[in-house]
1. Quickly run through region 165-174 and pick out the residues that are assigned to a strand (DSSP E or B) and either within 16 Å of ligand 1 (Cβ to nearest atom) or in contact (Cβ under 8 Å) with a residue 40 or more places away in the chain (or both).
2. Going by the conditions given, is E235 part of a helix (DSSP H, G or I) and either in contact with a Leu (Cβ under 6 Å, 6 or more places away or on another chain) or without any contact (Cβ under 8 Å) to a residue 60 or more places away in the chain (or both)?
3. Answer yes or no: is there a residue in region 30-40 that is at pLDDT 95 or above, under 15 Å from the mean Cα position of the chain (by Cα) and open to solvent by 10 Å² or more (accessible area, probe 1.4 Å).
4. Taking the residues in region 61-87 that are more than 17 Å from G23 (Cα to Cα) and touching a residue at least 12 places away in the same chain (Cβ under 8 Å) as candidates, determine which candidate is nearest to ligand 2 (Cβ to nearest atom).
5. Checking the condition open to solvent by less than 50 Å² (accessible area, probe 1.4 Å), under 24 Å from L150 (Cα atoms) and more than 16 Å from ligand 1 (Cβ to nearest atom), which residue from I43, I74, I99 passes?
6. Please go through region 113-152 and give me each residue that is in contact (Cβ under 8 Å) with a residue 24 or more places away in the chain and within 16 Å of ligand 1 (Cβ to nearest atom), ordered by number.
7. Would you point out the residue of region 175-215, among those that are within 14 Å of ligand 1 (Cβ to nearest atom) and open to solvent by 40 Å² or more (accessible area, probe 1.4 Å), that is nearest to H82 (Cα to Cα)?
8. Which condition breaks for S70 when tested against (1) under 15 Å from D31 (Cα atoms); (2) in contact with a strand residue (DSSP E or B) (Cβ under 7 Å, 6 or more places away or on another chain); (3) at pLDDT below 95?
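The values are calculated or read from the model by the stated rules, or taken from the named source; none is laboratory data. Quick caveat, the model's predicted, so the values are computed rather than measured. Cβ sites come from the backbone with ideal geometry, for glycine too, and all protein chains shown count toward neighbours. Calculation scope for accessible area: heavy atoms of the full protein, side chains included, ligands and nucleic acids excluded. Shrake-Rupley method; radii C 1.70, N 1.55, O 1.52, S 1.80 Å.
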Amino acid sequence: MKPLQQAQASPFEIHRGIYIVGGPEITDGRDGCVYLLNFRELIVVDSGAGWSVDKIVKNIQRLGFNCLQSSRIILTHCHIDHIGGAPLFRNRFGSQLSIHELDAPPVERGDPQRTAALWYQTAFPPTPIDLKFHSPEEILTLGGEKLTCLHTPGHTPGSISAFLDRDGVRILFAQDLHGPLVEEFGSNLDDWDRSTQKLMELDADILCEGHFGIYKSKKEVKDYILSYRRHYGVE
Ligand SMILES: [Zn+2]
Ligand SMILES: [Zn+2]
């Protein structure tokens, strides 16, 4: 007999204290991947498309964490599949939302086009941002470690990528570097070219991507970025 409902993948630890807790295989096909970073305080990278917040919360609790009250959410860019859950996290747990200043206005206005809410046939409510990134590189010091947030425009003007080094392993969170690059998102190919070069130079060991999951060697990470550089004709 076929199961009534397709089994969903479980959240898991990618590297010590770094987990995937949401995404198309785990919570909802419409979600960008959601990552949980334990620095003693919790950092969440992206928030899903909004329909699966309860599942994301349950996954975080299943991993043994109960302190979402003090969490911060880093939004990699202003698209609904990454920000949709953010207002619920903020309202329910008081989570602090961070995004680059160039991607903040669509979130604050609830702009249906720039947030891509229209693409997903939904609406995004105007949502306040607690912390805006202004510089090319913002370093957050958390529990004695550093999380670096790089401004990597291209897909959107205010896209960011974050990385940290833990146990000698460099872990990079770079969502939607595959694009698309389209005018209605304010995409820019020259910016994207520079940003992806910068990401290649990081020489990361693990890439936690936005829709396709996790790439786990320097070579896999490079090959992944290179494949899109070739796709967009800059390599
Ligand atoms: Zn996305
Ligand atoms: Zn996007």
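1. Across region 165-174, the qualifying residues are R166, V169, I171, L172, F173, A174.
2. Judged against the criteria, E235 is not a match.
3. yes
4. P87
5. I43
6. Residues satisfying the conditions are Q113, R114, T115, A116, A117, W119, Y120, T122, F124, T152.
7. The residue in question is H211.
8. (1)
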